[in-house]
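Worksheet: the structure to be examined is printed underneath.
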Amino acid sequence: MQGPSSDVTPTRKESRSTNTTRFKIGQRVHSAGDTRRIGTVKYVGPVEGYSGTWVGVDWDNDGDGKHDGSHNCVQYFQARGPKTASFVRPHNLNSGITFLEALQVRYQSTSTKEEEDEMYVLSSTNKRVSIELLGKDKIQNKLSRFEELTGASLSYLGVSCPGPSGHSSNTLPNLKELDLTGNLLSDWEDVGIICKGLPALEVLNLSYNLMSHDIIGMPTLHNIRILVLNHIGINWKQVEVLKDSVPLIEELHLMGNNLKEITLPSSMSEGFDFLRLVNLEDNCVSDWNKIVKLSQIKSLEQLFLNKNYLNQIWYPEHITLDKAGNESSRRNFRPFQNLRCLLLGGNNINDLDSVDSLNSFPSLMDIRLSENPVADTGKDGVPRFVLIARLKNVKILNGSEVTLRERKDSEIRYVRLVMTKYNNNMEEIMRIHPRFAELKTCHGIEDVKATIGAGGPQKMSSGLIAITLKCVGASIGEKPLLTKKLPSTTTVGKLKNLCESFFKLNSVKPKLFLQEEGNPLPTLLDDEMACLIDIGVGSNSTILVDEDN
């Protein structure tokens, strides 16, 4: 810890209400001069070896501090981590400004000469050339008329309270969207006061405000349609309380809240009658049973579950029962009936049964499975064309549209792959590949019988496939595209050797990638023992030949 430091001169944005009054435990503050360095007051008082009063702050961002709340073996408070805490002089902290003051800072303040002098570009001779913003005054004048504002972004301005009551409704009668990301708000009652003063407000973003666990004083907000509560430390019990305050909500975003549990009363789904989108990305849900509790939200169309810890999913076929054990009044409603978009990227799903279960969702057509073991060919997962073939209704996979041509090609490749791998063992095929018979019939693919040649019985896998080789390595130089017919059982290692011969790569070791339609990035072929047919390489596939550095 350092000794007393010099005063920090308030910036233009902070000068309206820099607060150096006494701080209290639990108060949210930011560093004077840096509204993005936010923390919570954990200690106020003396520190041994230094004079005066110090404020112990536990900063939100890891690495913003210097210790864990201790100094010279004395533990003054317990910080979140080993280097998230600091002792700071009161004049180097700011307790924030009001909501209306933040509006004035963002939309009514003018640039100083010093700030305009810093707006320049360097010429070809390395001289500064000043930049003049055309129409700046006209735009500034329009934004400064608060009654015309329909959207306001007050992110990271140090907003800590509403300010004088009754002023907002007169000042901002038409404000529909409000972004309060990264401020010093923590009291839900303050949020309620701000919202109540904005009669037209429909979209509210409170992300990165560390909100209190006690939700009191929240009025009913009938106009709120979209509520963004990312990284605010909320749990699901608080969500249940909040739903009564936003009865017409359509989108609920809850990213990064370390959510593990979804505990719902039997009447929960009735409280979200208009909810179309739930965003639970970047949380800690590992049990699909928790997610199934959302299946009775009748209006739910989009469910974002990227970056959780799910390892298996299934479709809940059971009938929901009420408290008396009778069939629910919603018995004619299928679970997840209107769900059309399910994002599952970045989880731990590794079984094809989970993939196949997605066919049971009645309306599902937009699916993300990327960054799961089941979709990672480097971890014994399957390529894109197999996923498309197994998912009969998918229209968008991993963010890319599945065209009719891609679907047809994928399904044909898939059927031929299965026939090759299992040598027409229909009992084994039907057990592992439930859509095989349907696709085989749909595309009129006939069984390929083994033939007898000089070398004895030949399997279908000995058939040839036509692949296009395209050189992309910088040191390889320009080479014309090369199309070759090779046995489908050719290994990746053998193909590398052939590429060295085809393109005369005397001193370059090739690295191969499979380029597939719909995949923004090519797939690295790094298993030299894998056969081309097993990793999704079929006729008309394109292989990129790069250099291995």
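The values are calculated or read from the model by the stated rules, or taken from the named source; none is laboratory data. What you are looking at is a predicted structure, and each value in this text was computed from that prediction instead of being measured. Cβ placement follows ideal geometry from the backbone for every residue including glycine, while neighbour counts extend to all protein chains displayed. The accessibility values were calculated without ligands, DNA or RNA, using every heavy atom of the protein model including side chains. Shrake-Rupley method; radii C 1.70, N 1.55, O 1.52, S 1.80 Å.
Before moving on, here are some points about what is shown:
- All positions within the range 291-345 that are among the charged types (D, E, K, R) and at pLDDT below 95: Lys293, Lys298, Glu317, Asp322, Lys323, Glu327, Arg330, Arg331, Arg334
- Put simply, of Ile234, Ile224, Ile249 the only residue that is in a loop (DSSP other than H, G, I, E, B), closer than 19 Å to Thr150 by Cβ, of a type in the set (A, V, I, L, M, F, W, C) and under 25 Å from the mean Cα position of the chain (by Cα) is Ile224.
- Strands (runs of 3 or more DSSP E) contained in the range 24-131 and holding at least 1 residues open to solvent by 60 Å² or more (accessible area, probe 1.4 Å) and modelled with pLDDT of 95 or more: 34-47
- Candidates are the residues of the range 284-302 that are within 20 Å of Asn350 (Cβ to Cβ) and of a type outside the set (Lys, Arg); the one that is most open to solvent (accessible area, probe 1.4 Å) is Asn289.
- Members of the range 461-490 found to be open to solvent by 40 Å² or more (accessible area, probe 1.4 Å), within 20 Å of Met529 (Cβ to Cβ) and of a type outside the set (Gly, Ala, Ser), listed by number: Pro487, Thr489
- Selected residue (criterion: least open to solvent (accessible area, probe 1.4 Å)) from residues of the range 380-436 that are more than 26 Å from Arg340 (Cα to Cα) and not in a helix (DSSP H, G or I): Asn424
- The residues in the range 461-506 that are free of Cβ contacts under 8 Å to residues at least 60 places away in the same chain, in contact with a Cys (Cβ under 7 Å, 6 or more places away or on another chain) and part of a strand (DSSP E or B) can be counted, and the count is 1.
- Within this structure, Ser186 fails the test of being small (Gly, Ala, Ser) and out of contact with any Leu (no Cβ under 7 Å at 6 or more places or on another chain).
- Counting only residues that are open to solvent by 40 Å² or more (accessible area, probe 1.4 Å), in contact with a strand residue (DSSP E or B) (Cβ under 8 Å, 6 or more places away or on another chain) and modelled with pLDDT under 90, the range 510-523 holds 4 of them.
Let's see how each residue does on (1) open to solvent by 30 Å² or more (accessible area, probe 1.4 Å); (2) over 26 Å from Thr35 (Cα atoms):
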| position | (1), (2) |
| --- | --- |
| Ile194 | no, no |
| Leu204 | no, no |
| Gly217 | yes, yes |
| Trp236 | no, yes |
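- Selection within the range 358-379: residues that are in a loop (DSSP other than H, G, I, E, B) and more than 25 Å from Asn540 (Cβ to Cβ). The member of this set that is most open to solvent (accessible area, probe 1.4 Å) is Glu371.
- Of all residue pairs spaced 6 or more apart or on separate chains, those with beta-carbon atoms under 6 Å, a first member in the range 342-353 that is open to solvent by 20 Å² or more (accessible area, probe 1.4 Å) and a second member that is assigned to a strand (DSSP E or B) and of a type outside the set (Gly, Ala, Ser) are Leu343/Phe304; Leu343/Arg368.
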